[in-house]
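To start, the structure itself, in structure tokens.
The values are calculated or read from the model by the stated rules, or taken from the named source; none is laboratory data. If you're wondering where the values come from, they're calculated on a predicted model, not measured in any experiment. A quick note on method: Cβ atoms are made from the backbone with ideal geometry, for glycine too, and the neighbour counts reach across all protein chains shown.
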Amino acid sequence: MKPSGNTILVTGGGSGIGRGMARWWAQNGNTVIVAGRKAEALAGTAEGHPSIHAMTLDAASARDIARFAAEVTARFPALNVLVNNAGVMMHEDVTAARDLSAAEAMVETNLLGPIRLIDALIGHLSAQPNAAIVNVTSGLAFVPLPATATYSATKAALHSYTVSLRAKLAGRVEVIEVAPPGVRTELTPGQSEEQSFMPLDAFIAETMAQFAAEPTPPEVLTQNVRFLRDAEAEGRFDQVVAILAKAY
């Protein structure tokens, strides 16, 4: 992915990782569209950054994705990069029957949302020079956190989907995966105060340094996520699952 001169759509751009990535790209010569459900939060991301533009989107709604895709390509015909960052994470007790609405919401937002948005924009992106799709997954795509079973499963599925996209779109659209470790954001209540997690500023700095390099690696990883990403290859998978099961 070229580091500047892009028109980039970032979902979940109203806070956290999405906000940090959007501002970095804007400060480095790109036009950025931030999308999400909360107009006020999006406006906060764009404040002081004239090259950031806010548009509302409910990534859990197939109908709203279709509406949004038509509007964003009409308003920004040079759009050439899609960053699927929107996501929700909720803890679950999978040991007894329960209301599955939280699990369904995570599947709709974290997995079907990116699939639907890619589908809605793939024709447009394929016709653009220097096109790229960036899917934000998680270290939990590689080792699940049992307390967040559905969230982990959606990220594992998005990782797999990204690998397939990369193979099928080779030579047409660059496909990149960003797999964060635990980062101090408000993805879950109190997470921004979790001292064992990576500070957001440090995560953005290490991650975006890789986007500044050419070529961008197909997997953008921080050192903090290697504990999870490399667990299976290093023969630590069962041990790490057990650690996570006891910790949360």
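Worth a mention:
- Residue list for the range 189-212, filter: touching a residue at least 40 places away in the same chain (Cβ under 8 Å) and surrounded by fewer than 17 Cβ atoms within 10 Å (Cβ to Cβ): ASP201, ALA212
- Tabulated pairs, the range 110-134, first among the polar types (S, T, N, Q), second modelled with pLDDT of 95 or more and in a helix (DSSP H, G or I), C-beta under 6 angstrom, 6+ apart or interchain: ASN110/THR154
- Residues in the range 165-182 include at least one that is among the basic types (Lys, Arg) and outside any loop (DSSP other than H, G, I, E, B).
- Enumeration of residues in the range 111-160 that are of a type in the set (Phe, Trp, Tyr) and either surrounded by fewer than 18 Cβ atoms within 10 Å (Cβ to Cβ) or more than 16 Å from the chain's Cα centre (by Cα) (or both): none
- Subset of the range 170-199 [hydrophobic (A, V, I, L, M, F, W, C), out of contact with any helix residue (DSSP H, G or I) (no Cβ under 6 Å at 6 or more places or on another chain) and under 20 Å from VAL10 (Cα atoms)]: ILE176, VAL178, LEU187
Every residue, every condition in (1) at pLDDT 95 or above; (2) polar (S, T, N, Q), yes or no:
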| residue | (1), (2) |
| --- | --- |
| THR162 | yes, yes |
| ALA170 | yes, no |
| GLU174 | yes, no |
| PRO189 | no, no |
| PHE197 | no, no |
| ASP201 | yes, no |
| THR216 | yes, yes |
| GLU219 | yes, no |
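- The range 151-174 residues that are more than 11 Å from MET106 (Cβ to Cβ), paired with ones that are aromatic (Phe, Trp, Tyr) and outside any helix (DSSP H, G or I) (beta carbon under 9 Å, 6 or more apart): ALA156/PHE142; HIS159/PHE142
- Checked across the range 136-148, the condition of being within 14 Å of GLY87 (Cα to Cα), aliphatic (A, V, I, L, M) and touching a strand residue (DSSP E or B) at 6+ places or on another chain (Cβ under 8 Å) holds for at least one residue.
- Single residue of the range 166-182 satisfying the filter (more than 15 Å from the chain's Cα centre (by Cα) and of a type in the set (A, V, I, L, M, F, W, C)) that is nearest to VAL94 (Cα to Cα): ALA167
- The set of residues from the range 183-209 being under 14 Å from the mean Cα position of the chain (by Cα) and under 17 Å from TYR248 (Cα atoms) comprises VAL183, LEU187.
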